[in-house]
Amino acid sequence: MTTVLEEIGVPKTGPSGAQRRQRGAMTHPLMLLPAILLLGLVFAYPLLDMIWRSFTTPGASGATLDNYQHIFSEASYWKIFQITFEIAVVVTLLCAVLGYPLAYLLSSAPPRVVAPLMVLLLAPLLTSVLVRTFGFLVILAPQGALNQLLAGLNLGPVTLIYNRFGVLLAMTLTLLPYIVFTLYGNMRAIDRSLLDAAQGMGASRFTAWRTVFLPLSLPGLAGGSLLVFVLALGYFITPRLMGGQRDLMIGMVIEQGVAQGNNFGLAAALATLLLAVTTLCCLGFTRFVGISRILSSHGER
Amino acid sequence: MTSNRSVQILLYVYAAVVFFLLLAPLVIIFIVSFSSAEYLTFPPPSLSLRWYEVIFGRPQWQNAFITSIVSALTATVLALVAGTLASLALVRGKFRFRSTLYMGLLVPAIVPTVVTAAALFGIFAKLRFTGNVFGIGIGQSVLSLPFVVIVLTATLQSFDIRLEQAAISLGASPLRAFMTVTLPVIRPAMISAAVFAFLNAFDEVLIALFLSGPRTTTVPVMIWNSVTYDIQPTVAAVSTVVMAFAFVLLAVVLLVNRFLRHGSAGGGEKPIAPA
């Protein structure tokens, strides 16, 4: 029985923990240096520099809070943050609700069925967000595939694009595979005999699922939801292509700010705020759920 | 597991609907790319290859493909080298802060890409390093690194290090032991990680968008420009080529791994013969 991971070469079982930590050949702490240098120079340093520049403005010299003052005083920025948050929350909920049954099916299906289904699930991830969103554009556009189909059936045209619906639909379907994969990993490790035991003690199928399976799958659900939420917060391609004028997300504003180029400090401030919100969500999450539980979500046995 | 038939059927139907929704955009793009019409109409009035002629004929698209491939290769090489070395150190080493370093290497995956892209633009613009194909690749390597680290640490943790130690005890140098015993076993995972890192960088929009210049753009950036300013089936044709490219690479990976697993001598589990 091969899993998708094994298909791409990642083995299934491993030696004991003590063995794993033995100093083996070909290892030296200095081998971490290239990675640390790469992330330090190309990731950490630019981020820190950007955060620093968010405290600068073109006119003034030295550090100012002007950018942040501007952001917090303008009602339109508050509105954009609010909309971004709204969209991200709704998308996360939709992904959780839609993804859970799918992950459940995948985790309990026989291996012959799982492999092709996994490929189908993986396929969209191989194409960029841009291509997939473009596909939704073609389907939902006023002259698009869906409306042509409806016209053929003499049904009225529907406007499912350039509005919140289009954005939510496209974002949910784009982010769905991420939550399904996370949940799948968690669910596969849940010992099904526990469910049998519960039923053996008289619980109905539903009660067994509700009291045994569901709690055990919560770390995966929580982790997947966090992932989707964080990704959704930063989206700008999908809302830009599918949204209307009331579907502005913070990523779009940052992109505009950078593209226009005359006040990088302001765009930097927005980006820093987004980064801060994301960090807070992650920290809050790990405190609430416990990072060890996520990392060990495979070790439910 | 005792299964309730109707619930199972319901789940399968549900899954079918969801998969349809997930894959419909890709299928539609494929169909529309063969349309002969000027605009994106569906169903296409007739089929033609004119849009493929456009993208393979026009220098802008040709240059964009080359730029994408070069930058994605740069990103992949950087991520693979740095990631493999780091994974070896993390899995096998015994020093403090290992788990912190591990988490640290994964941070780029959790930071919103638009933030990373904006930060990179800030530095690259100051250094006048935008519009450089290698610069784009360097920027994208940061996104590919977490993936490589995750795959390789998982693989190395599952690798039975006693095989390597046995080779050393039989007289091989550590390097030789690594090359002849460990490498063949972890190679499939490395190939997969490399291919996925490559595709990730190839398809990447945000960093490429911010770091591109007037004459150096990647395929996704050109798609973005086309989609936001004028939509033509050229975009569908390019998207189909990119998708086909990705599927071909994935198929190659699966086939190579199948071959490596059954073709090589048991993947390192063959008992080491006495000298």
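The values are calculated or read from the model by the stated rules, or taken from the named source; none is laboratory data. Bear in mind the structure is a predicted one, so any value in this text is a computation, not a measurement. For neighbour counting, all protein chains shown are included, and Cβ atoms are generated from backbone atoms with ideal geometry for every residue, glycine included. Just the protein is used for accessible areas: all its heavy atoms, side chains included, with ligands, DNA and RNA removed. Shrake-Rupley method; radii C 1.70, N 1.55, O 1.52, S 1.80 Å.
Quick notes on this structure:
- Across segment B:145-160, rounded Karplus estimates of 3J(HN,Hα) from the backbone phi angles (6.51 cos²θ - 1.76 cosθ + 1.60, θ = phi - 60°) give 4, x, 4, 4, 4, 4, 5, 6, 5, 4, 5, 5, 5, 7, 7, 7 Hz, Gly and Pro being marked x.
- When Rg and the Kirkwood radius Rh are both evaluated on Cα atoms of segment B:136-216, their ratio Rg/Rh stands at 1.19.
- In the elastic network of chain A, a GNM with C-alpha springs shorter than 10 Å, the most mobile of A:Asn263, A:Asn154, A:Asn186 is A:Asn154.
- Temperature 37 °C, viscosity 0.692 mPa s: under these conditions the Stokes-Einstein estimate for segment B:1-148, based on its Kirkwood radius over C-alpha pairs, is 163 µm² per second.
- In segment B:58-122, the trypsin sites (Lys or Arg not before Pro) that fall in loop regions by DSSP, at most 14 other Cβ within 10 Å: B:Lys94, B:Arg96
- For segment A:205-244, trypsin sites (Lys or Arg not before Pro) are listed when DSSP marks them as loop and at most 14 other Cβ atoms sit within 10 Å of their Cβ; the list is empty.
- Solvent-accessible area assigned to carbon and sulfur over segment A:204-278 amounts to 62 percent, based on a 1.4 Å probe.
- For the set B:Met179, B:Met222, A:Met187, solvent exposure ranked by accessible area (probe 1.4 Å, protein chains only) runs largest to smallest as B:Met179, B:Met222, A:Met187.
- Ligands, DNA and RNA are left out, and with a 1.4 angstrom probe the accessible area of chain B is 45 Å² per residue.
- Principal semi-axes of the equivalent ellipsoid, √(5λ) from the alpha carbon gyration tensor of chain A, are 38, 31, 19 Å from largest down.
- Solvent-accessible surface ranking, highest first, for A:Ile179, B:Ile191, B:Ile28 at 1.4 angstrom: B:Ile191, B:Ile28, A:Ile179
- Shape analysis of segment A:167-301 places it in the prolate category; the axes a ≥ b ≥ c from the Cα gyration tensor give an a/c of at least 1.5, with a/b above b/c.
- Sorting A:Tyr178, A:Tyr45 on solvent-accessible area from highest to lowest, probe radius 1.4 Å, gives A:Tyr45, A:Tyr178.
- Ligands, DNA and RNA left out, the accessible area of segment B:25-172 computed with a 1.4 Å probe is 69% carbon and sulfur.
- Taking one quarter of the surface of the C-alpha convex hull of segment B:65-221 gives a mean projected area of 10.1 nm².
- When the convex hull of its Cα atoms is viewed from all sides, segment A:202-259 shows a mean projected area of 5.9 nm².
- Å³ per residue enclosed by the Cα convex hull of segment A:76-202: 188
- q = 0.16, 0.25 Å⁻¹: log10 I(q)/I(0) that the Debye formula gives for segment A:166-238, counting C-alpha atoms only: -0.65, -1.02
- Cα gyration tensor shape of segment A:30-143, rounded if a/c is under 1.5, else prolate or oblate by comparing a/b with b/c: oblate
- P(r) histogram, all alpha-carbon pairs of segment B:184-250 included - 10 Å bins from 0, percent: 19, 42, 27, 10, 2
- Computed from the Kirkwood radius of its Cα pairs, the Stokes-Einstein diffusion coefficient for chain B at 37 °C and 0.692 mPa s stands at 151 µm²/s.
- Over the residues of chain B, the helix contribution to mean residue ellipticity at 222 nm works out to -25000 deg cm²/dmol, using -39500 (n - 2.57) for each DSSP H run of at least 4.
- Sparse-neighbourhood loop sites, trypsin sites (Lys or Arg not before Pro) in segment A:30-124 - DSSP loop, at most 16 other Cβ within 10 angstrom: none
- B:Asp160 exposes around 40 Å² of accessible area when a 1.4 Å probe is run over every protein chain in place.
- For chain A, averaging the sequence separation of C-alpha pairs within contact (under 8 Å, six or more residues apart) and dividing by the residue count gives a relative contact order of 25 percent.
- Computed as a quarter of the hull surface, the mean projected area of the alpha carbon convex hull for the protein assembly as shown stands at 30.1 nm².
- Among A:Leu270, A:Leu39, A:Leu231, the residue with the largest mean-square fluctuation in a Gaussian network model of chain A, with springs joining Cα atoms closer than 10 Å, is A:Leu39.
- Calculated on alpha-carbon atoms, Rg and Dmax of segment B:134-270 in Å: 20.0, 67
- Just checking the listed ones, A:Pro46, A:Pro142, A:Pro29: in the Gaussian network model of chain A with Cα springs under 10 Å, the one fluctuating most is A:Pro29.
- Computed from backbone phi, the HN-Hα couplings of segment B:10-17 come to 4, 4, 5, 4, 4, 4, 4, 4 Hz, rounded to whole numbers (Karplus: 6.51 cos²θ - 1.76 cosθ + 1.60, θ = phi - 60°; Gly and Pro given as x).
- Mean sequence separation of contacting Cα pairs (under 8 Å, at least six apart), scaled by the length of chain B, corresponds to a relative contact order of 28 percent.
- The contact residues of segment A:236-268, meaning those that lose at least 50 Å² of 1.4 Å-probe accessible area when all protein chains sit together rather than their chain alone, are A:Phe236, A:Val258.
- Interface residues in segment B:69-97 - accessible area drops by 30 Å² or more relative to the isolated chain, probe 1.4 Å: B:Ala82, B:Leu85, B:Leu88, B:Ala89, B:Arg92, B:Lys94, B:Phe95
- In Hz, Karplus ³J(HN,Hα) per residue of segment A:99-111 (6.51, -1.76, 1.60; θ = phi - 60°; x = Gly, Pro): x, 4, x, 5, 5, 4, 4, 4, 6, 10, 7, x, x
- Interface of A with B. Using a 1.4 Å probe and counting protein heavy atoms only, the two chains hide about 8600 Å² of accessible surface, both sides summed.
- Solvent-accessible surface of segment A:147-274, averaged per residue with a 1.4 angstrom probe and all protein chains in place: 40 square angstrom.
- Nonlocal amide H pairs with B:Ser35, under 5 Å, H built at 1.01 Å: B:Ser48
- Computed on segment B:58-98, the Cα convex hull volume stands at 48 Å³ per residue.
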